[in-house]
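Worksheet: the structure to be examined is printed underneath.
The values are calculated or read from the model by the stated rules, or taken from the named source; none is laboratory data. Just so it is clear, the model here is predicted, and its values are computed rather than measured. Don't worry about glycine lacking a Cβ; one is built from the backbone with ideal geometry, like all the others, and counts go over all protein chains shown.
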Amino acid sequence: MTTLDEQVLHAINTNNSFVIVSHIRPDGDAIGSALGLAHSLRLAGKTAEVVLEDGVAEKYMSLTGADSVGRKIESDYDYLIVVDCSDAMRTGNALRGATPDLVIDHHKTNLNFGKLNLVESETEATALVLAQHMPLWGLTIDKEAASALLTGILADTIGFRTSNVTAEALRVSAELMDKGANLHQVYYQTLVTRSIAETRYWAQGLGKMRFEEGLLWSELTLEDRARAGYFENDDADLVNTLSSISDVLICVLFVQQNDERVKISWRSVAGIDVSVLAFQFGGGGHAAAAGADVSGSMDAVRELVLNRTKAYLNEKRPTLI
């Protein structure tokens, strides 16, 4: 029986045009994974189109290929790949009902919705999965691809600060540096630099923080976004800062998408698996970091999610003592 890597190698060798899709509100891992893979496919003489329904945030526009990312599939293709996405709904309307030929991911809640599924839930980032497997597929990782993949690794590990970081992740990152990725530059661009609009947006959320017996929560509304002049529909990574506050066991951030939809992000300490909560609301993710999109007004969603989160935290609290 051929291995999955052999099947992917065969697919790359026998197809010429590729489309790579990732999830709505793409983070650094989604963007870095898609751009890194697309660049290496182009080096192999293939055509590769990256499609992200919400586009690429300004902070990632320096990555090679970012300026050519589409919002929808514009042309025919031979092979469809989805990266860093646990289910088809998370791609928005990008797939338009098509079944991916290959799904590459690291979320434990992945539904294996591709014809082939490379899902490594213990690996820190999808970009790390790619960095380890792409050479097996005959793909070259040059400076540009290495920079994109390192971006993804740094984004999902918050600069190697998450509890799941292994020595292997550091070794692979060092290999990407050997291929030309500038750690200082990528780290600064991915995790340090902030625009004025992002900083003002953060101020709105920080001013609304609430804390109760290990649970911290805050929210960002459409009005907050307009007031800050922030034009993305994500949280500008505020949730990772909230989760770093001492004495917080679970933090929840509510980000209003429109009048009837709210994005929920959970973060937690070791020993509390918030992906369980996210899955209850139709989302997914990892034990320590998960999310979901929930229909309803901000007030209604906040009440429902906080009640379930408080109940879950009370269940888990004795095991943390």
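Of note:
- Members of region 5-43 found to be in contact with a helix residue (DSSP H, G or I) (Cβ under 7 Å, 6 or more places away or on another chain) and more than 14 Å from Thr151 (Cβ to Cβ), listed by number: Asp5, Val8, Leu9, Ile12, Phe18, Ile20, Val21, His23, Ile24, Ser40
- Matching residues in region 211-240 - criterion: being within 18 Å of the chain's Cα centre (by Cα) and closer than 15 Å to Ser195 by Cβ: Glu232, Asp234, Asp235, Ala236, Asp237, Leu238
- Boolean, Lys143 is of a type in the set (Lys, Arg) and either over 30 Å from His10 (Cβ atoms) or surrounded by fewer than 17 Cβ atoms within 10 Å (Cβ to Cβ) (or both): yes
- Segments classed as helices (runs of 4 or more DSSP H), wholly inside region 161-274, with at least 2 members that are in contact (Cβ under 8 Å) with a residue 24 or more places away in the chain, within 24 Å of His286 (Cβ to Cβ) and in contact with a helix residue (DSSP H, G or I) (Cβ under 9 Å, 6 or more places away or on another chain): 167-178, 183-187, 196-206, 238-242
- Put simply, of Thr109, Thr126, Thr99 the only residue that is surrounded by fewer than 20 Cβ atoms within 10 Å (Cβ to Cβ), within 14 Å of the chain's Cα centre (by Cα) and at negative phi is Thr109.
- Leading residue by the ranking (farthest from Gly114 (Cα to Cα)) among those in region 17-53 that are surrounded by fewer than 24 Cβ atoms within 10 Å (Cβ to Cβ) and in contact with an Asp or Glu (Cβ under 6 Å, 6 or more places away or on another chain): Arg25
- When each of Glu213, Glu223, Glu219 is tested for being among the acidic types (Asp, Glu) and at pLDDT below 95, the lone residue that passes is Glu213.
- Matching option when the condition is assigned to a loop (DSSP other than H, G, I, E, B), touching a His at 6+ places or on another chain (Cβ under 9 Å) and modelled with pLDDT of 95 or more, among Thr99, Thr109, Thr64: Thr64
- Restricting attention to region 277-305, the residues that are of a type in the set (A, V, I, L, M) and surrounded by fewer than 17 Cβ atoms within 10 Å (Cβ to Cβ) add up to 2.
- Matching option when the condition is outside any helix (DSSP H, G or I) and either free of Cβ contacts under 8 Å to residues at least 40 places away in the same chain or within 22 Å of the chain's Cα centre (by Cα) (or both), among Ala287, Ala311, Ala300: Ala287
- Under the condition of being basic (Lys, Arg) and farther than 15 Å from Gly36 by Cα, the residues counted in region 126-183 number 2.
- Options Val83, Val69: the member that is surrounded by 21 or more Cβ atoms within 10 Å (Cβ to Cβ), free of Cβ contacts under 8 Å to residues at least 40 places away in the same chain and assigned by TED's automatic domain parsing to the domain that holds Glu53: Val69
- Residue in region 120-127 that is touching a helix residue (DSSP H, G or I) at 6+ places or on another chain (Cβ under 7 Å), at pLDDT 95 or above and assigned to a helix (DSSP H, G or I) present: yes
- Among the residues listed as Gly32, Gly55, the single one being at positive phi and either outside any strand (DSSP E or B) or of a type in the set (Lys, Arg) (or both): Gly55
- Of all residues making up region 163-177, the number that are buried (at least 18 other Cβ atoms within 10 Å of the Cβ) and of a type in the set (Ser, Thr, Tyr): 1
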